[in-house]
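What follows is calculated from the coordinates using simple rules that are stated; it is not laboratory data. Predicted, not measured: the structure shown is a model, and the values here were computed from it. We place every Cβ from the backbone using ideal geometry, glycine too, and count neighbours over all the protein chains shown.
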C-alpha cells in the first residue's frame, strides 16, 4: 500500500476524461474521485449523471469537463436513465442498427441522489439486472444545495438541516448502510472505495465496469466546504476514515465479503473528527458512543469477511 | 391490404407499436392503460416484437428510462394514465427540452382524490405546458393511426419532440372496435427508420442536459417554443401523407356539420362521437348547430380554430377537467384567449362535465347546447357551469 504513490503515476492513463477547469471547490475529494474513476473507465462509455455537485461544477453551458458521452436529466432518476441507455444499446445492437462496440454504461450520483431520492430508481435498476456500473460519490450531505443532512450523514455531524444546537447534537440518525442495501439485491459486485487509496479505487471501478450485470461502488468523498476542514487535508482525512474503521474498504463479490485493507490497529475516531468542524460540538460521551458503534460495525464486517472466506475455503 | 378486425383498442395500439418496430418499451402498470403494455409484453415474450421491455418500478422511472433509450438513438414507447402521468410530470419537461422523440399513449384518467380509475382529461390538462406534441383521439381507429403518425412526427429531424396520443380511459382503451390494421409493408413504407442526429455515442461524444445559467436559459426555452410551433408544419404534412397512403384524413380541428352553423359545440376525445349523434338529432329538429373537435392540443391550432368559428355566434366548450378557482375549464380558457383579439368572435359558454368517468349521453349534449344558447343570450353569473352536478 505504501508504494501506491510510486505505481499510480506509471499505471494510470494520462488522459483526463474528466477534464480540468471545472468549478469544484478547492480540495474537493469528489472531483478527485471522479477524475480517478474516469481514468479507470476509459473512452468507451456513456455516463448518466444525476443532478448534484459534479453535474453543476462540470457542465455549465457553454463548457463541459466531460470528454466522454454524458447525459444529465434529473436528480432521482439516473439509474433509470442508465437502464434506458443500456436497453437501447442492447436492442439496437441485436437488431443490427448499430455495431457492437461493447460500450459500457456508468451512472454517477451523490449520496442524496443515491441513498435518499434516487434509491427507488437504483433499487429497480439493480433488481432488473441491467449491465451497468453505478458510482455513488458520498460526501455525506446535500452539499450542492448548501450542506443539508442526508441519510448518509454520519451520526452527530452538524449540517444546515441537522444543526448542533442547545438541545441538539446534530445528525440524529446513523448513516444508512448503502453498500449493504446494494449487496442485498444480490448483484454480482459491490465495493467501497476512497480516493485517498487511488489505486484501489481505480481497480474497483474497473472491476465494476467489467462485471456482467449491475455493479455498485460506494466512493467516500471528502467535502472541505461542507465538513468545515482545510482543503489540503482531503487526502489525510480520507486516509483516517479508513484507518479508524469509519469507512472500511471492502468488496462483496457474488455475495463473498473481502476486506481490502485491514489496519493492524484502528486509529481512534477523534483523530478523524478533530480535523472537521462538523463534529466540533460533540461532547466526549457522544464521541465515545460513536467510537463504540464504529468498532462494533467494523467487527460485524470482519465477521462477514471471515464467514465468506470460510465458505470459499470450505 | 389492411384487414378490418374486431380488436380491443389497447391491443390494437400494441399491434401498431409492433409494426413500428419499437426498440425499447419502458412501462409501469396503471389502470386503464395496462392492456396496452400487457399486450406489448406478450409480443416481446413471443418474439413477435424484437424490443427491450423494461418493467420499471414507477412511471417516473418509465419516462426516465425512455429518456436514456431515446438519447441512445432507440425508438422508444411507453404508455400511462392519470396518476402515472402526474408522477412522470417533471420528466416530461426534460423529454421535450432535450428534444427526445419518445412516443406515449395516455389512457386519460381522473386524478385522486377521491381515487377514480375512470376517464376525464385532468391528467392531460395538468401536462399542458410540458412541451410535448399532444393529439386527442375519439375512436380506436384514430388512436392506432395516430400512434403510427406519432413516431413519424416525433422522429422527424425537423421536429425531434416527444408526442402524446390521448385516448379516453375505458371509453376507448377497453372497447372492442372494428379497426383497419395496416399491413407490415405499408407501415414500413410510411415510417422510415429512426435516425436520431446526435445520439450518445463514444465515437462522437456529446454532453446532453447541461446546466443553463440565466444568460442562456431564456434562449433555450425560446428555441423550444419556436420548434414546437414549427412542428405543426410537419404534423400537417405527416397527416396529409398518411391520408394519401391510408385514405384516412386528420386535421388539427375537425368539423361535423359546422359549416353554416350559428351555434357550435366544441369537444375533445371520445365524447365527440356521442356529440355527433346529438347534433344530428338537433339538426333534424331544425336547429342550426354543428360540432368542432380539437384534435391537436399542442401546438395549439390558432388559425384552424379561428377559421372554424368565424361564422358562429355561439361557441359552447365542454371541458373534462376543472381548473380549480380559475376562470373556466382549461380548454375554454384557451379558446377564449385564442379568440379575444379577433374582430368578430362568437360568445363563448364554458361547461365542465364527464368528470371521473361520468357519462354524457346524446340527450345530455342536447341539454348542454340548449343551456349554452340560453346562457349566451341571457348571460350567467357563473364563469362556467358543471353539467349534471348534484348540489
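Please indicate, with yes or no, whether at least one residue in segment A:82-89 is facing chain B (nearest Cβ under 9 Å) and within 21 Å of the chain's Cα centre (by Cα).
Taking every residue of segment A:82-89 in turn, at least one turns out to be facing chain B (nearest Cβ under 9 Å) and within 21 Å of the chain's Cα centre (by Cα).
Yes or no: segment A:106-113 includes at least one residue that is within 7 Å of chain B (Cβ to nearest Cβ) and either buried (at least 18 other Cβ atoms within 10 Å of the Cβ) or assigned to a helix (DSSP H, G or I) (or both).
No, there is no match, as no residue in segment A:106-113 is within 7 Å of chain B (Cβ to nearest Cβ) and either buried (at least 18 other Cβ atoms within 10 Å of the Cβ) or assigned to a helix (DSSP H, G or I) (or both).
Grab the helices (runs of 4 or more DSSP H) fully contained in segment A:3-72, keeping just those with 3 or more residues being more than 14 Å from chain B (Cβ to nearest Cβ).
A:4-11, A:29-41
What is the residue count in segment A:125-144 for residues that are surrounded by 22 or more Cβ atoms within 10 Å (Cβ to Cβ) and outside any loop (DSSP other than H, G, I, E, B)?
So the count comes out to 9.
Filter the strands (runs of 3 or more DSSP E) completely within segment B:241-352 down to those with at least 2 residues that are in contact (Cβ under 8 Å) with a residue 40 or more places away in the chain.
Counting at least 2 such residues, we get B:253-256, B:263-267, B:289-294, B:296-298, B:314-319.
Does at least one position in segment A:163-180 carry a residue that is within 19 Å of the chain's Cα centre (by Cα), assigned to a loop (DSSP other than H, G, I, E, B), free of Cβ contacts under 8 Å to residues at least 24 places away in the same chain and more than 14 Å from chain B (Cβ to nearest Cβ)?
Yes, segment A:163-180 contains a residue that is within 19 Å of the chain's Cα centre (by Cα), assigned to a loop (DSSP other than H, G, I, E, B), free of Cβ contacts under 8 Å to residues at least 24 places away in the same chain and more than 14 Å from chain B (Cβ to nearest Cβ).
Across segment A:114-123, which residue is farthest from the other protein chains (Cβ to nearest Cβ) among those that are surrounded by fewer than 24 Cβ atoms within 10 Å (Cβ to Cβ) and free of Cβ contacts under 8 Å to residues at least 60 places away in the same chain?
Among residues in segment A:114-123 that are surrounded by fewer than 24 Cβ atoms within 10 Å (Cβ to Cβ) and free of Cβ contacts under 8 Å to residues at least 60 places away in the same chain, the one farthest from the other protein chains (Cβ to nearest Cβ) is A:116.
Check B:10, B:64 and return the single one that is within 23 Å of residue A:131 (Cα to Cα) and either over 18 Å from the mean Cα position of the chain (by Cα) or assigned to a helix (DSSP H, G or I) (or both).
One residue alone meets the criteria, B:64.
Yes/no matrix, rows are residues, columns are (1) out of contact with any strand residue (DSSP E or B) (no Cβ under 7 Å at 6 or more places or on another chain); (2) at the interface with chain A (Cβ under 9 Å from one of its Cβ atoms); (3) at positive phi:
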site: B:67; (1), (2), (3): yes, yes, no
site: B:76; (1), (2), (3): no, yes, no
site: B:85; (1), (2), (3): no, no, no
site: B:101; (1), (2), (3): yes, no, no
site: B:106; (1), (2), (3): no, no, no
site: B:117; (1), (2), (3): yes, no, no
site: B:123; (1), (2), (3): no, no, no
site: B:130; (1), (2), (3): yes, no, no
site: B:133; (1), (2), (3): no, no, no
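Going through segment A:264-279 one residue at a time, which ones are without any contact (Cβ under 8 Å) to a residue 24 or more places away in the chain, surrounded by fewer than 16 Cβ atoms within 10 Å (Cβ to Cβ) and closer than 23 Å to residue A:221 by Cβ?
Scanning segment A:264-279 gives a single hit, A:274.
If residue B:214 satisfies every condition in (1) in contact with a helix residue (DSSP H, G or I) (Cβ under 7 Å, 6 or more places away or on another chain); (2) within 14 Å of another protein chain (Cβ to nearest Cβ) but one, which is the exception?
Here residue B:214 clears every test but (1).
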